[in-house]
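Please read the structure below before turning to the comments.
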Amino acid sequence: MKTKIIIFLSLFFTVSLLAQQQGKYYFTKSGHIEYTLGGNTTGTKSVWFDNYGMLMYTLTESTTTVKIMGFSNKTSEKKLEIRKGNQIWLANLLDNTGSQMSIEAQTEIGKEITSGQSDAQLHAKERKIITDIGGEIEGYENFLGRNCLKFTLGSNKFLQFKGIPLKSFTTLIGITYTETATSFDTNAAVPATKFELPKNIKFQQMGEALDALPNETN
């Protein structure tokens, strides 16, 4: 499951980098999206963003069930991700732990790629990156009243609008994961409190968090 999610997020961040013109992550200034999760993972995801995605709040509450050779494993998760510019804070709200990481390098690369480009040029680059990594563009599809780019990568299927993923189906070794937006408001009024960090969680730098893991090698 973790491998599949990494693949999905890698694709998401690769395509979304196209929207980072002069520090912009999306083509839309602000928004609010609610998703339902399906497949082996069921639950909900809530996303709020402002300043073209440079401020982002993502809350995911889910349960994942994996069955292997007759054995079933179920895990629950409640996680919060806050992005402010080139910094991301990840919080596990079940055990009140958290980590912080920098994405400065990725942000700068995105700016270099897209600086001075028009929306039409950015969309053309978006399509080119999808095909360069082996994806196939199938055209456009209306979803939630938006004309979404429709593409596949192997057996995985995606719909996205102006760099924002609205529907996805991913599968790996018999494990499936779906995200489907149920509501999408653009240019929404987003309260600044959405991007405040939980006060009861002490965030460790990502390197410090890794060092704190048990060392199983002798």
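The values are calculated or read from the model by the stated rules, or taken from the named source; none is laboratory data. All figures in this text were calculated on a predicted structure; none of them were measured in a lab. Every residue, glycine among them, receives a Cβ derived from its backbone with ideal geometry; neighbour counts consider all protein chains shown.
For region 153-203, a residue qualifies if it is hydroxyl-bearing (Ser, Thr, Tyr), surrounded by fewer than 18 Cβ atoms within 10 Å (Cβ to Cβ) and more than 22 Å from TYR52 (Cα to Cα), and the qualifying residues are SER155, THR171, THR176. Give region 125-134 a look and list any residue that's surrounded by 14 or more Cβ atoms within 10 Å (Cβ to Cβ) and without any contact (Cβ under 8 Å) to a residue 60 or more places away in the chain, or say none. Across region 125-134, the qualifying residue is only ARG127. Each residue in region 53-77 was checked for being farther than 19 Å from GLY98 by Cβ and surrounded by fewer than 19 Cβ atoms within 10 Å (Cβ to Cβ), and 12 pass.
Taken residue by residue, region 14-31 has at least one member that is part of a strand (DSSP E or B), modelled with pLDDT of 80 or more and farther than 25 Å from LYS202 by Cα. Annotation note: of SER62, SER72, the sole residue that is assigned to a strand (DSSP E or B), at pLDDT below 95 and not aliphatic (A, V, I, L, M) is SER72.
The residues listed here are LEU122, LEU80; of these, the one that is buried (at least 19 other Cβ atoms within 10 Å of the Cβ) and in a helix (DSSP H, G or I) is LEU122. Could you please find all residues in region 173-218 being under 30 Å from PHE158 (Cβ atoms), among the hydrophobic types (A, V, I, L, M, F, W, C), part of a strand (DSSP E or B) and at pLDDT 90 or above? ALA181, PHE184, listed by residue number.
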